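Read through the structure below, which is laid out as structure tokens, and then see the notes.
The values are calculated or read from the model by the stated rules, or taken from the named source; none is laboratory data. Note that the coordinates shown come from a computational prediction; the quantities given were computed from them, not determined experimentally. With ideal geometry, Cβ positions are generated from the backbone for all residues, glycine too; neighbour counts draw on all protein chains shown.
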Amino acid sequence: MHVPALNVLTQADPELAGLIQGEAERQHDTLRMIASENYVSQAVLEATGTVLTNKYSEGYPGKRYYEGQKFIDPIEELAIARAKSVFGVDHANVQPYSGSPANLAVYMALAKPGDTIMGMALPMGGHLTHGWSVSATGAWFRAVQYTVRREDGRIDFDEVRDIALRERPKIIFSGGTAIPRTIDFPRFAEIAREVDAVLVADIAHIAGLIAGGAHPSPVGHAEVISTTTHKTLRGPRGAMLMSDEKHAKALDKAVFPGLQGGPHNHTTAGIAVALGEASKPEFRTYAHQVVANARALADALIERGFDLVSGGTDNHLILLDLTSKSIGGKPVARALDRAGIETNYNTVPYDTRKPFDPSGVRLGTPALTTRGLTESQMPQVADWISRAVDAAIKDDEAVLDTIAAEVRELLAGYPMPGWH
Ligand code: DSN
């Protein structure tokens, strides 16, 4: 049963309530390994499902365009204060609706259409909004892109520096969506300084690891930091922009009135709760466990003959390269899903297959860590993945169903926030 209970919704709209119950049960019974997903706490669920959704609050605390902000202002101030304290920054804006709008606000604050901007290419592990051609950021700016080395899947800082010196970008984005290694923010900052660019750290994937001390912080290196709040940070779906005082005003103006209307106050409250949780010692334990689990899983997968991009992981994420298995990422992700293991197919650097059926599968350990799994279960997880890949190659659905039952049996012993 969903927690908090859906008693009234079940009466008012049984069809919808049934779908929500179904999704909650699915989340309970599945080994959720999409690297960008997690389980929020019941406290975060409660805060986001409140009357705060009823309220319009264009503007910022103390400077709103609508009356009735007696409780909304302190809620947003609390979220801001907690973001500043957890990440050690001068300024935080907690209003961006999600990661892509947050990054758009960065462009609006720091550049003009047509300016040169630089980011990691999407197939190398970057994000759409770091200048990839199909994104507005690739269409409206002159985007130049850096890659990773073919030999070891790591960022080639000589190449980053060469491109930066040649192209003189206004903004350099560091970070991405499929980077299994520690991001060297000081090295990026050195290059940005040399070409007089603003370094932006997009820490969406690793924000929780940074908050918990399991990944180095970009603070003091990147002038602007952008993050979502729902990945390793374990808050509701939303985003934040953080910076030194120098960029504070421009970022705020870009978010509102530049790009958005009223902030989603129920989300702001959920972010405040999640940041409160992230400041506790238990969160540090969780963040380090996420990394320990990913390392243990990477080792167990390598032992079972899998190739991993960059040969392993330093964070929460593993990129399986299935090239040597003569099967694509898409059929494997589908087979894993039937086996109760939720992942996503993903391009690998220098992929020879098409983006809709690439050679990789991305795995992450944040959600299973929140459920309470530790290193001791990772060989079992690797075993299931290995059996599911073999079953996908042989088209053996019975094996996938057997694995799904084993997954359900294991997870029955690990409570899920939001389900009882
Ligand atoms: N969709 C996110 C991810 O899965 O990494 C990035 O925006």
Residue that is farthest from the ligand (Cβ to nearest atom), among those in the stretch 201-230 that are surrounded by fewer than 24 Cβ atoms within 10 Å (Cβ to Cβ) and more than 20 Å from Gly364 (Cβ to Cβ): Gly220
Residue in the stretch 1-42 that is surrounded by the most Cβ atoms within 10 Å (Cβ to Cβ), counting only those that are away from the ligand (no atom under 16 Å from the Cβ) and of a type in the set (D, E, K, R): Asp29
Test set (1) in contact (Cβ under 8 Å) with a residue 24 or more places away in the chain; (2) within 16 Å of the ligand (Cβ to nearest atom); (3) aliphatic (A, V, I, L, M) - Val134 fails condition number: (1)
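The rows are residues; the columns are (1) in contact with a strand residue (DSSP E or B) (Cβ under 8 Å, 6 or more places away or on another chain); (2) of a type in the set (S, T, N, Q); (3) modelled with pLDDT under 95; (4) more than 24 Å from Ile20 (Cβ to Cβ).
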{"residue": "Arg338", "(1), (2), (3), (4)": "no, no, no, no"}
{"residue": "Pro355", "(1), (2), (3), (4)": "no, no, yes, yes"}
{"residue": "Leu363", "(1), (2), (3), (4)": "yes, no, no, yes"}
{"residue": "Ala367", "(1), (2), (3), (4)": "yes, no, no, no"}
{"residue": "Thr370", "(1), (2), (3), (4)": "no, yes, no, no"}
{"residue": "Asp383", "(1), (2), (3), (4)": "no, no, no, yes"}
{"residue": "Thr402", "(1), (2), (3), (4)": "no, yes, no, yes"}
{"residue": "Arg408", "(1), (2), (3), (4)": "no, no, no, no"}
{"residue": "Gly418", "(1), (2), (3), (4)": "yes, no, yes, no"}
Qualifying positions in the stretch 1-59 - assigned to a helix (DSSP H, G or I), among the small types (Gly, Ala, Ser) and either touching a residue at least 24 places away in the same chain (Cβ under 8 Å) or under 30 Å from Ala254 (Cα atoms) (or both): Ala24, Ala43, Ala47
The stretch 137-154: number of residues that are surrounded by fewer than 18 Cβ atoms within 10 Å (Cβ to Cβ) and either within 14 Å of the ligand (Cβ to nearest atom) or in a strand (DSSP E or B) (or both): 1
From Glu277, Glu282, Glu245, residue being among the acidic types (Asp, Glu) and touching a Phe, Trp or Tyr at 6+ places or on another chain (Cβ under 7 Å): Glu277
Residue in the stretch 99-111 that is more than 18 Å from the chain's Cα centre (by Cα), more than 16 Å from the ligand (Cβ to nearest atom) and outside any helix (DSSP H, G or I) present: yes
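Would you call Glu303 over 30 Å from Gly238 (Cα atoms), among the charged types (D, E, K, R) and out of contact with any Ser or Thr (no Cβ under 9 Å at 6 or more places or on another chain)? Break it down into steps so the answer makes sense when it comes.
Details: over 30 Å from Gly238 (Cα atoms): yes; among the charged types (D, E, K, R): yes; out of contact with any Ser or Thr (no Cβ under 9 Å at 6 or more places or on another chain): yes.
Here the answer is yes, as Glu303 does meet what is asked.
Looking for whichever is more than 23 Å from Leu241 (Cα to Cα) and touching a residue at least 40 places away in the same chain (Cβ under 8 Å) here; the options are Ile179, Ile163. Which one fits?
Result: Ile163 is the single residue among Ile179, Ile163 that is more than 23 Å from Leu241 (Cα to Cα) and touching a residue at least 40 places away in the same chain (Cβ under 8 Å).
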Only listed residue being surrounded by 20 or more Cβ atoms within 10 Å (Cβ to Cβ) and within 13 Å of the ligand (Cβ to nearest atom), chosen from Leu128, Leu122: Leu122
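Results for (1) surrounded by fewer than 19 Cβ atoms within 10 Å (Cβ to Cβ); (2) within 16 Å of the ligand (Cβ to nearest atom); (3) of a type in the set (Ser, Thr, Tyr), shown as yes or no for each residue.
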residue: Thr365; (1), (2), (3): no, yes, yes
residue: Glu375; (1), (2), (3): yes, no, no
residue: Pro379; (1), (2), (3): yes, no, no
residue: Ala382; (1), (2), (3): no, no, no
residue: Ala392; (1), (2), (3): no, no, no
residue: Asp401; (1), (2), (3): yes, no, no
residue: Ala412; (1), (2), (3): yes, no, no
Selection from the stretch 311-354 of residues that are more than 20 Å from the chain's Cα centre (by Cα) and not in a helix (DSSP H, G or I): Asp321, Leu322, Ser326, Ile327, Gly328, Ala339, Gly340, Tyr350, Asp351, Thr352, Arg353, Lys354
Odd one out for Ile72 among (1) aliphatic (A, V, I, L, M); (2) within 16 Å of the ligand (Cβ to nearest atom); (3) in contact with a Lys or Arg (Cβ under 8 Å, 6 or more places away or on another chain): (2)
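Tally the residues that are of a type in the set (D, E, K, R), more than 18 Å from the chain's Cα centre (by Cα) and in a helix (DSSP H, G or I), restricting the search to the stretch 278-294. Step through it out loud before you land on a result.
Going residue by residue through the stretch 278-294, those that are of a type in the set (D, E, K, R) are 280, 282, 284.
Subset that is more than 18 Å from the chain's Cα centre (by Cα): 280, 282.
Checking which are in a helix (DSSP H, G or I) leaves us with 282.
Number satisfying all stated conditions: 1.
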All positions within the stretch 309-319 that are crowded, with 20+ Cβ neighbours inside 10 Å and out of contact with any strand residue (DSSP E or B) (no Cβ under 6 Å at 6 or more places or on another chain): Ser310, Thr313, Asn315
